[in-house]
Each structure stands twice: as structure tokens, then as C-alpha cells.
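> Below is one structure. I have some questions about it.
The values are calculated or read from the model by the stated rules, or taken from the named source; none is laboratory data. Worth saying up front: this structure is predicted, and the values here are computed from it rather than measured. Note that each Cβ is placed from the backbone with ideal geometry, even for glycine, and that neighbours are counted across all protein chains shown.
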Amino acid sequence: MLYEGAQGNTSRQLERVVGFNGSKQWTRDRYSQKIKSLKSHDANDYELDMGTKLFMDQHVQPNTQFLETIIRWYNSSFEIVDFRNPDSAVISINNWAKQITHGHIQQLLTEADTKENTALVLLNAVYFKGYWTYPFDKLLTKEGVFYLNSESTVNVSMMITLNSFKIANLPSLNSRLICLPYQGNKFVMYIILPDNIDGLNDLVNQINPVILGDTIKTMQSYMIKVVLPKFNFEYTSILGPILQKLGITDMFGVKADLKNIGIGPMGNNLIVSNVLQKAGLEVNEQGSIAHAATEDITMDTIVFVGKVTNPLSRGPTTVPIPLNNQ
């Protein structure tokens with residue numbers, strides 16, 4: 001949606017880093033198709049709620065064509081608020097996030113996250129509850145040892161199942177990959193396990209979409225025993241600095257060209273101050289619950305990604321996102 005509202009070099013930076021092809025209509029068609037694919041399913045297979053909402057200060061002069069576009073193509077909506085009364089604005093924002101995520105995100109923002117000159121807040125939220133195609137038997141779940149590193153362990157509830165799963169080796173990353181499918185044949189969970197107990201940091205620093213995508217194509221099915229810890233965690237990521245390191249810089253400063261969205265309260269240009277993501281994942285014998293943005297096989301879309309270093313650590317924590325995207 002930021003790309004939809006961007007012009008000039010701000011638009012070109014988003015195109016280059018995100019991979020848009022320069023046609024906003026192409027982007028609209030693609031994302032509209034993704035949203036329809038994600039929402040099209042049998043109600044018994046999984047639960048999915050997702051939405052994007054623009055909270056705009058009442059003193060901003062919005063571009064009505066932009067608002068019409070995001071409603072039509074991006075499953076979005078907008079609401080006029082008064083950011084000079086941050087308490088009321090934050091309540092509206094948090095109530096929306098709470099509704100979309102079925103109560104899993106109670107507080108997305110605080111008053112401290114808004115400023116007197118805040119002009120708009122753009123939010124995206126996802127709630128997913130999926131059921132394993134091959135569920136784990138609760139009667140087999142037992143306490144086991146999970147290695148935090150070569151020197152530390154914790155006792156956690158370990159789930160066990162024996163079935164046919166797609167697996168592959170990643171020799172360049174000294175790790176192994178397994179695919180756990182969900183009912184409905186649309187979502188799967190990929191889990192990567194380092195061969196070395198202390199190998200997680202190296203894995204996170206070296207993995208990239210090309211390696212993962214190429215490895216997924218080589219996966220083959222084998223009858224194997226899977227032992228997986230139950231876990232439940234939340235994390236918060238500050239994405240602004242990361243996006244700037246990747247090359248999206250103009251929209252965060254005086255060079256921002258977001259006139260397609262609207263004009264600021266004082267007739268000034270709109271500037272992005274930061275991009276935040278808050279997410280969580282719960283995995284148990286029946287399946288998993290993810291809130292805020294699992295992979296959509298139909299559209300080849302990663303909806304949730306993260307790492308687990310301690311199944312007992314429920315968060316919330318701040319998680320750095322690796323920059324290696326070659």
C-alpha cells in the first residue's frame with residue numbers, strides 16, 4: 001500500500017527492493033489474487049482472518065483515489081482519528097488489531113508510539129489457526145530435553161508422530177528441512193534444524209530465499225519419526241532500520257514522495273517514521289495458531305517466519321531479522 005502511494009524515487013526504491021515490476025496495476029492484480037487465494041478455503045480446514053487498515057489523522061488531506069484503490073484491491077479500510085488525542089487513537093488501533101487476531105494481540109501500540117505530528121498509521125494483521133494433516137497423538141507427548149546450546153538444556157513437552165513427510169538436506173547450511181502440511185493443502189510449515197547444536201546463528205545469518213526455494217524443490221517423502229517441542233511465543237520486530245539498510249531510504253526522510261496518499265496537516269509531505277511487526281506462534285498436537293503475519297502453496301507466499309531458541313520462552317521479545325536476501 002505504501003508503494004501504491006509512492007511516486008518518483010521513493011516508488012523506485014520500493015520496486016527495486018521488494019521486487020515490483022514497475023506497474024502498479026500488476027501489483028494490484030497480484031496482491032488481490034493472493035488475498036483471494038488465502039481466504040478461499042473450506043471452513044473445516046483452517047481459520048484465517050486478515051486485514052489492512054489505514055488510520056489517518058483528521059487534519060490530513062487524503063487522496064480519495066488512493067483510498068478507493070486500497071479498498072478495492074488490498075482488502076483494506078480506513079478510519080479518521082485525532083492523533084492529537086493519542087489515547088483515543090491508540091484505543092481504536094488496538095481494538096482493531098485485537099479483533100483481527102482474535103484477541104492474541106491486545107496492545108499493538110501505546111501512546112508513546114505516537115507523536116503529536118503523527119499523520120497516519122498503516123496496519124496489517126493476520127490470524128491463522130491450522131490443523132495438521134497428520135496430527136500428533138497427545139498420548140505420545142512426553143517430557144524431553146531441548147538443547148538451547150551445547151552447554152544448556154531445558155525440559156519441554158515433546159510431541160511425537162510417525163508418518164510420511166517431505167524432507168531434504170541443506171549441506172551448504174549444515175541443516176535439514178522438513179515440511180509439515182496443514183489440512184486443506186494450502187498451507188505448510190517448514191522447519192529447519194541445524195546439524196550442530198550451536199549452529200542456529202550461522203543458519204540464520206546464511207539462509208536466504210534462493211537457497212530455501214531451491215531446496216524445497218528437491219524435497220522427497222520418507223516415513224520418519226518426528227519429535228517436535230510444543231511452543232508458544234511472541235516477538236516484536238522494528239523493521240524501519242532494516243528496510244533502510246536494504247535500500248528503502250527516501251520514505252523515512254525529507255526526500256519522501258508519498259503525495260499519492262495525501263498531504264500532511266500543515267501542507268507538508270508525509271514521511272514514514274518506522275515500520276513495526278508484532279507476531280506470535282503457538283504449536284501443539286492439533287496444529288498451530290499464528291497471529292500477524294506458514295506458506296501459501298497456491299500463491300507461494302510466506303505469511304509467517306521466525307526462529308525458536310527456547311520453547312519455554314513465551315515472549316514478548318525483539319527479534320532481529322537477517323538482511324541476507326541475495
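> Kindly indicate whether any position in the stretch 45-57 is among the small types (Gly, Ala, Ser) and crowded, with 16+ Cβ neighbours inside 10 Å.
Yes: the stretch 45-57 contains one or more residues that are among the small types (Gly, Ala, Ser) and crowded, with 16+ Cβ neighbours inside 10 Å.
> Which residues, counting only those in the stretch 252-270, are of a type outside the set (Asp, Glu) and modelled with pLDDT of 85 or more?
Once the filter is applied, which keeps residues that are of a type outside the set (Asp, Glu) and modelled with pLDDT of 85 or more, the stretch 252-270 yields Phe252, Gly253, Val254, Lys255, Ala256, Leu258, Lys259, Asn260, Ile261, Gly262, Ile263, Leu270.
> Only one of these is surrounded by 13 or more Cβ atoms within 10 Å (Cβ to Cβ), hydroxyl-bearing (Ser, Thr, Tyr) and within 19 Å of the chain's Cα centre (by Cα): Tyr134, Tyr127. Name it.
Sole residue among the options that is surrounded by 13 or more Cβ atoms within 10 Å (Cβ to Cβ), hydroxyl-bearing (Ser, Thr, Tyr) and within 19 Å of the chain's Cα centre (by Cα): Tyr127.
> Kindly indicate the residue of the stretch 212-266 that is of a type in the set (Ser, Thr, Tyr) and within 22 Å of the chain's Cα centre (by Cα) and also nearest to Leu193 (Cα to Cα) among those meeting that condition.
For the stretch 212-266, the residue satisfying everything is Thr215.
> If I filter the stretch 155-211 down to residues being assigned to a loop (DSSP other than H, G, I, E, B), on the phi < 0 side of the Ramachandran plot and polar (S, T, N, Q), which single residue comes out as nearest to the chain's Cα centre (by Cα)?
Selected residue: Asn208.
> Could you say whether any residue in the stretch 243-251 is surrounded by fewer than 20 Cβ atoms within 10 Å (Cβ to Cβ), modelled with pLDDT under 80 and not in a loop (DSSP other than H, G, I, E, B)?
Within the stretch 243-251 (the criterion being surrounded by fewer than 20 Cβ atoms within 10 Å (Cβ to Cβ), modelled with pLDDT under 80 and not in a loop (DSSP other than H, G, I, E, B)), the answer is no, since none of the residues qualifies.
> Identify all residues within the stretch 63-101 that are among the aromatic types (Phe, Trp, Tyr) and over 14 Å from Leu123 (Cα atoms); write none if there are none.
Phe66, Trp73, Phe83
> State all residues of the stretch 60-77 that are of a type outside the set (Ser, Thr, Tyr) and surrounded by 15 or more Cβ atoms within 10 Å (Cβ to Cβ); if no residue qualifies, say none.
Scanning the stretch 60-77 gives Val60, Pro62, Asn63, Phe66, Leu67, Ile70, Trp73, Asn75.
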